[in-house]
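Structure first, commentary second.
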Amino acid sequence: MPINTHRVGWDDDPVVTSWPGLGRLESDLTADACVVGLGGSGLAAVAELTDRGLSVVGIDAGRIAAGAAGRNGGFLLAGPSSFLHRSLALWGEAAISLYRATLDELDHLGRLLGEDVIRRTGSLRLAGLPGRVRDDAEAADREAEIADCGKLAATLRDHGIAVEDYEGPLGRGIYLPDDAAMNPVRRALGMASLLRSRAALFENTAAVRIDSGRVTTATGRISAPLILVAVDGRLEQVLPDLAGRVRTSRLQMARTEPVATTDLPCPVYCRWGFDYGQQDARGRLYVGGGRDRYIDEEWTLDDTPTPVVQKHIESVAERLAGRPVTVTDRWGASVGFTEDGRPLCTEVAPGVVAFGGYSGTGNLVGPVTARAAVALALDGTPVPGYLNG
């Protein structure tokens with residue numbers, strides 16, 4: 001099975017191919033704040049800091065959104081990484097607070113970037129995978145998930161959050177009308193375009209050392225009393241003191257050729273959320289998953305896609321399409337997980353605050369965490385209960 005590890009399916013968008021780039025840091029700079037990592041959460045931090053009137057330098061090791069910020073499934077799902085009824089049992093009312101904060105963040109992104117980028121499609125959580133049940137074990141698992149969808153729907157309704165029962169061509173489950181979809185690279189580059197006149201932003205500028213008051217790169221040093229490290233995958237490599245609090249895993253995806261007779265109206269979560277996919281306007285499927293089936297191999301700093309997981313993803317694509325598919329692109333991404341699913345937001349040294357560990361769902365949770373990091377750093381505000389401080 002050939003694997004293309006050089007192209008990410010989202011990258012052929014015209015907004016991406018016409019991106020002029022930000023240039024590399026080539027000198028020493030001084031600012032009020034430095035943000036290391038310019039994915040969704042890092043860009044949100046830059047926006048929050050500049051809104052407060054601070055001068056900001058932001059750096060990214062590669063092109064903006066070349067990491068997980070531009071390699072994920074493009075889902076904008078409200079709430080924590082685990083389903084709300086489960087996180088509520090673990091965290092208490094803090095889980096509801098996070099859900100509402102992510103809904104607010106989604107509205108904010110929609111106002112900033114418009115419907116060309118943020119598509120308010122809603123999302124589906126399906127019980128199992130679409131199509132005919134293959135065996136008794138799959139049948140039993142589907143029935144168990146139907147019951148769990150009911151528990152989640154009841155919890156959402158109890159807290160005034162929109163949800164509808166779903167039964168249709170894709171199977172049974174629930175529909176969440178507040179959620180949205182996007183091309184994640186287009187979202188990140190759109191945010192960077194809005195911010196490039198307000199902050200000094202640099203691509204292809206990796207931090208090689210982070211100390212209180214200073215970030216050192218290969219081509220220049222940034223002096224700043226406040227440093228925010230907005231890294232998700234490989235955070236424990238960037239800041240070894242966080243080893244044991246956050247752990248990097250590989251997530252994998254693939255894109256198919258257009259499937260003209262298939263219509264996925266919105267992002268779809270399947271099989272307890274472990275498999276997922278959406279379809280673009282040209283009919284191409286973007287599908288990911290399978291991490292739970294090969295969990296030991298996926299705890300890795302390597303983001304290269306693997307044949308065994310890609311085979312599983314291709315089978316998910318065929319279940320979503322209802323027919324054989326042709327895969328054109330395969331890719332992986334490194335993301336950070338925490339033990340209880342609560343993102344990390346903590347001061348690791350005087351004036352150095354790190355945040356990440358979104359457990360695979362950072363598109364909305366990341367910016368929410370970034371705002372909490374800025375409040376912690378500038379105001380001394382304790383982090384909310386839905387974060388690990």
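The values are calculated or read from the model by the stated rules, or taken from the named source; none is laboratory data. Predicted model, so just to flag it, every value in this text is computed and none were measured. Neighbour counts are summed over all protein chains in view; Cβ atoms, including those assigned to glycine, are modelled from backbone coordinates with ideal geometry. Remember, those area values only see protein heavy atoms, side chains included, never the ligands or the DNA or RNA. Shrake-Rupley method; radii C 1.70, N 1.55, O 1.52, S 1.80 Å.
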| Where the only charges are on Cβ atoms (+1 Lys, Arg; -1 Asp, Glu), what is the dipole of region 153-212 about its Cα centre, to the nearest 20 debye? | 460 debye
| query | Quick one: of the DSSP bridges fully inside region 200-248, what percent are antiparallel, nearest 5? | reply | 90 percent
| Helix 307-321: angle to the longest alpha-carbon principal axis of the chain, degrees 0 to 90, nearest 10? | 60 degrees
| Virtual spin-label span in nm between ALA89 and ASP32, 7 Å along Cα→Cβ | 4.5 nm
| Expressed in whole Å with the largest first, what are the equivalent ellipsoid semi-axes of the chain derived from the C-alpha gyration tensor as the square root of 5 times each eigenvalue? | 34, 23, 19
| task | Could you work out the relative contact order of the chain, using alpha carbon pairs under 8 angstrom and six or more residues apart, expressed as a whole percent? | result | 25 percent
| field | Under the Karplus curve 6.51 cos²θ - 1.76 cosθ + 1.60, θ = phi - 60°, whole-Hz ³J(HN,Hα) for region 351-367, x wherever Gly or Pro sits | value | x, 10, 10, 10, 8, x, x, 8, 6, x, 9, x, 5, 10, 5, x, x
| task | Given the peptides 192-198, 110-116, 333-339, 123-129, arrange them by the average over their residues of other C-beta atoms within 10 Å, most packed first. | result | 123-129, 333-339, 192-198, 110-116
| said: Per residue, how big is the convex hull of region 1-157 when only Cα atoms are used? Give it in Å³. | reply: 197 Å³
| request: Might you tell me the accessible area per residue for the chain, computed with a 1.4 Å probe and given in Å²? | output: 41 Å²
| query | Hey, got the dipole for the chain? About the Cα centre, +1 on K and R Cβ, -1 on D and E Cβ, debye to the nearest 20? | reply | 540 debye
| note | Amide H contacts under 5 Å for PHE274, restricted to residues at least 5 apart in sequence or on another chain and with H modeled in the peptide plane, are none
| Backbone N within region 318-349 under 13 Å of label point (7 Å from THR381 Cα along the Cβ vector) | none
| message | So, R0 is 45 Å and r is the distance between the beta-carbons of THR219 and SER315; what FRET efficiency does that work out to, to 0.05? | response | 0.50
| task | Quick one: grab the alpha carbon gyration tensor of region 95-140, order the square roots of its eigenvalues as a ≥ b ≥ c, and give me rounded if a/c is under 1.5, else prolate or oblate depending on whether a/b is larger than b/c. | result | oblate
| Relative to the first principal axis of the alpha-carbon coordinates of the chain, what is the inclination of helix 184-195, with its axis defined by its Cα atoms, in degrees from 0 to 90 and to the nearest 10? | 30 degrees
| query | In percent, how large is the relative contact order of region 274-374, given Cα pairs closer than 8 Å and 6 or more residues apart? | reply | 18 percent
| Gain on full stretching of the segment that runs from ARG209 to VAL133 - 0.36 nm per residue minus C-alpha separation | 22.1 nm
| said: Would region 1-91 count as rounded, prolate or oblate if I go by the C-alpha gyration tensor, calling it rounded below 1.5 in a/c and otherwise prolate when a/b exceeds b/c, oblate otherwise? | reply: oblate
| request: Tally up the carbon and sulfur contribution to the accessible surface of the chain as a whole percent, 1.4 Å probe, everything protein left in place. | output: 49 percent
| request: Mind putting a number on the dipole of region 294-389 about its Cα centre? Charges go on the C-beta only, +1 for Lys and Arg and -1 for Asp and Glu, and I need it in Debye to the nearest 20. | output: 360 debye
| request: Quick one: what are the phi-derived ³J(HN,Hα) couplings along region 54-70, Karplus 6.51/-1.76/1.60 with θ = phi - 60°, whole Hz, x for glycine and proline? | output: 8, 7, 9, 10, x, 10, 9, 5, x, 6, 4, 6, 7, x, 4, 4, x
| How large is ³J(HN,Hα), in whole Hz, for each residue of region 29-41 in order, when computed from phi with the Karplus curve 6.51 cos²θ - 1.76 cosθ + 1.60 and θ = phi - 60°, using x for Gly and Pro? | 9, 10, 8, 5, 8, 10, 10, 9, x, 10, x, x, 6
| query | So, by mean Cβ neighbours within 10 angstrom, what's the order for 27-40, 357-370 with the highest one leading? | reply | 357-370, 27-40
| message | Which order do the peptides 172-178, 41-47 come out in when sorted by mean C-beta neighbours inside 10 angstrom, highest first? | response | 41-47, 172-178
